[in-house]
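A quick write-up on the structure given underneath.
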DNA sequence: TTGTAGGCGTTATCAC
DNA sequence: GTGATAACGCCTACAA
């Protein structure tokens, strides 16, 4: 790799002058500029970001920490973040935390060691000292405290929405899947759903789940139907769980949506391709990623922020696992 | 952030000594070591990787370039790469290329500017000069040339396998979806499938697709059935396409697998949760990611390599979109 | 308008 | 065993 010095020598100027032209800072004569630019081109020079980062004590790097990119909800978030960051020439150092506090700390630690200028984190431990002591801006994504900058969907409202829509369409004995207790948004949804069901004076039962993994989803689906065979409506903890429930329901011969309605959460891309297609509460994952990135960029640039907690709207996506509602409601 | 200098002052030694203890290199007296270690702890010091990287002209950073993390096949690959890299304390700078050669070059460029020590790339342009001129090791992933280190699944064999299994189960009028022409593995699968179908003396038709996107998948599925309504077997270009085909087939009342069999490609996590569950040709994405990472690490450490092209096995996963085969074959 | 020189935080080469 | 000190490649006072 050519260095600024090589360019300086070839152009017959000093490194300071080269620096000036590549950074477009300070005065430099048009002729010298041209000479330098030619040397740059000829040597195919591009500045060493590491040296820059060392000198300026800040890089063009952002840390992105997600629980598990293999969970279908997160790739969209990640993509949103990446697209926005890339527009501003920021690059992402990426890590999976597996919701493990120690792993998370290790990542944050190495982020810092690499001079990242900001962090986006989807964590269950936003109040960990590692974040509180951070001297660079952090935006919490999806799983989020209100005292720090964050982007999240309204889980509670999502829960209410799910319950409202499923009740409105006639379900009476509803199973609510309670997602992992340590995941706030999952609990928000759960609470919202329960709140609405109670308000409607209906009975419900709870199926407790402890992760969002694929394999276990199938087990919980089985458990649901074996323990609560009279269920005529399921509010799943997310689309994966919902897909598993749908799968199991069809397997044991339930008619969906005639006898059993199902509502998921997230609206992952595959939901619309299921048969029947999955009705769900959509969270705009991609947009959330973009928003988080945009917010972080503002924070980094110390631009004015209109709101540091950005709540994104949830939305009921009506598809095939819920019945049509009468025109008269 | 505390620097090595702060530690040196606090411990009452020189920076050289501190460097020795944190790198466990050279002689240092037990007592001095203890003093230094205490200072390190007290100041919560951790070395600045940027400074290290500048001096040593190499970092602990790896560049990972994928077409689109939002495409369900890639998160698994990414996860495999990440897990393996993390074991060795390498971090990932991650980018989506959208199969755009220019975007790809930009990323490679910034990878280099950040002193990455290796690159893993899933690209359609492995012969681009940007790779050929790279002075650091590259492992091509999934989409891959044979003259460079690579990890890939045997697409052609996968295609054959899909055709063999669908024929064996009685499909006679097979539709083969030809994936995007610029994506090699997609073409390999296609060719393998066609080869086997021809060999069996059966007729087939081709449905051309130009991307692996969700939205378009539905369109191609429609096209397939409107143009070739007599089809009794579909070899899809991947699981997304297969899911769309399944969705459409059920929508128009085809009985799957009785009247119509479908085989996908990849075995993405959701495939087993479809109804009926999707029969598919599995590529071990996670393991491929791990292998690629392992190979790259060896390359970086200049360890001996037994083979620079690692072909991973494909496998027919029999589920519900294909019929059971008789015991007598 | 341009050049010199010091420093960003580390590591490694020498002396001592 | 330990400590100066010169790099690594870049940027920015400051001087010229």
message: So for segment B:32-43 (the condition being within 14 Å of chain A (Cβ to nearest Cβ), within 22 Å of residue A:53 (Cα to Cα) and touching a helix residue (DSSP H, G or I) at 6+ places or on another chain (Cβ under 8 Å)), does at least one residue qualify?
response: no
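Is it fair to say residue A:99 is more than 13 Å from chain B (Cβ to nearest Cβ), away from DNA strand D (no atom under 16 Å from the Cβ), exposed (fewer than 15 other Cβ atoms within 10 Å of the Cβ) and in contact (Cβ under 8 Å) with a residue 24 or more places away in the chain? Outline the logic, then answer.
Values: more than 13 Å from chain B (Cβ to nearest Cβ): yes; away from DNA strand D (no atom under 16 Å from the Cβ): yes; exposed (fewer than 15 other Cβ atoms within 10 Å of the Cβ): no; in contact (Cβ under 8 Å) with a residue 24 or more places away in the chain: yes.
Criteria not met by residue A:99.
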- request: Given the conditions (1) out of contact with any helix residue (DSSP H, G or I) (no Cβ under 6 Å at 6 or more places or on another chain); (2) more than 23 Å from residue B:320 (Cα to Cα); (3) within 12 Å of chain B (Cβ to nearest Cβ), report the number of the one that residue A:253 does not fulfil.
  value: (2)
Residue tally, condition closer than 18 Å to residue B:212 by Cβ and part of a loop (DSSP other than H, G, I, E, B), over segment B:158-198: 5
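Right, residue B:143: within 19 Å of the chain's Cα centre (by Cα), within 14 Å of chain A (Cβ to nearest Cβ) and crowded, with 21+ Cβ neighbours inside 10 Å or not? Break it down stepwise before answering.
Working: within 19 Å of the chain's Cα centre (by Cα): yes; within 14 Å of chain A (Cβ to nearest Cβ): no; crowded, with 21+ Cβ neighbours inside 10 Å: yes.
No: the conditions fail for residue B:143.
Quick one: which of B:206, B:151, B:245 is crowded, with 24+ Cβ neighbours inside 10 Å and in a strand (DSSP E or B)?
Working: B:206 fails: crowded, with 24+ Cβ neighbours inside 10 Å; B:245 fails: in a strand (DSSP E or B).
It is B:151.
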statement: Per the list (1) farther than 22 Å from residue A:69 by Cα; (2) in contact with a strand residue (DSSP E or B) (Cβ under 7 Å, 6 or more places away or on another chain), residue check on residue A:157 breaks on (2)
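Please determine whether any residue of segment A:253-261 is part of a strand (DSSP E or B) and under 19 Å from residue A:316 (Cα atoms). Explain how you work it out, then say what you get.
Applying the first criterion (part of a strand (DSSP E or B)) to segment A:253-261 yields A:261.
Next, from what is left, pick out any that are under 19 Å from residue A:316 (Cα atoms): A:261.
Within segment A:253-261, one or more residues are part of a strand (DSSP E or B) and under 19 Å from residue A:316 (Cα atoms).
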- request: Kindly indicate whether any position in segment A:83-92 is in contact (Cβ under 8 Å) with a residue 12 or more places away in the chain, under 30 Å from residue A:215 (Cβ atoms) and more than 12 Å from DNA strand C (Cβ to nearest atom).
  value: yes
statement: By residue number, the members of segment A:283-305 that are in contact with a helix residue (DSSP H, G or I) (Cβ under 9 Å, 6 or more places away or on another chain) and either farther than 30 Å from residue B:244 by Cβ or more than 14 Å from chain B (Cβ to nearest Cβ) (or both) are A:283, A:291, A:292, A:293, A:294, A:296, A:297, A:303, A:304, A:305
query: Does segment B:219-236 hold any residues that are in contact (Cβ under 8 Å) with a residue 24 or more places away in the chain and surrounded by fewer than 20 Cβ atoms within 10 Å (Cβ to Cβ), and which are they?
result: B:222, B:228, B:230, B:232
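Residues that are touching a residue at least 12 places away in the same chain (Cβ under 8 Å) and either within 12 Å of DNA strand D (Cβ to nearest atom) or closer than 28 Å to residue B:121 by Cα (or both): which helices (runs of 4 or more DSSP H) entirely in segment B:1-82 hold 3 or more of them?
Numbers: elements: B:4-11, B:15-23, B:30-43, B:49-56.
Those helices (runs of 4 or more DSSP H) span B:4-11, B:15-23, B:30-43.
Restricting attention to segment A:111-130, and to residues there that are in a helix (DSSP H, G or I) and out of contact with any strand residue (DSSP E or B) (no Cβ under 6 Å at 6 or more places or on another chain), which single residue is surrounded by the fewest Cβ atoms within 10 Å (Cβ to Cβ)?
Let us first name the residues in segment A:111-130 that are in a helix (DSSP H, G or I), namely A:111-113, A:129-130.
Okay, now just the ones that are also out of contact with any strand residue (DSSP E or B) (no Cβ under 6 Å at 6 or more places or on another chain), so A:112-113, A:129-130.
Values: A:112: 20, A:113: 19, A:129: 9, A:130: 19.
Checking each candidate, the answer is A:129.
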- prompt: Could you list, in sequence order, the residues of segment B:158-182 that are surrounded by fewer than 22 Cβ atoms within 10 Å (Cβ to Cβ) and within 18 Å of the chain's Cα centre (by Cα)?
  reply: B:180, B:182
query: Restricted to segment B:192-203, and to residues that are in contact with a strand residue (DSSP E or B) (Cβ under 9 Å, 6 or more places away or on another chain) and either in contact (Cβ under 8 Å) with a residue 40 or more places away in the chain or within 26 Å of residue B:122 (Cβ to Cβ) (or both), which residue is surrounded by the fewest Cβ atoms within 10 Å (Cβ to Cβ)?
result: B:194
Residue satisfying all of: in segment B:262-273; in a helix (DSSP H, G or I) and in contact with a strand residue (DSSP E or B) (Cβ under 9 Å, 6 or more places away or on another chain); nearest to the other protein chains (Cβ to nearest Cβ) among these: B:272
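Taken together, the values in this text are just the output of simple stated rules run on the coordinates, not laboratory data. What you are looking at is a predicted structure, and each value in this text was computed from that prediction instead of being measured. Cβ coordinates were reconstructed from backbone atoms using ideal geometry, including for glycine residues, and neighbour counts include every protein chain displayed.
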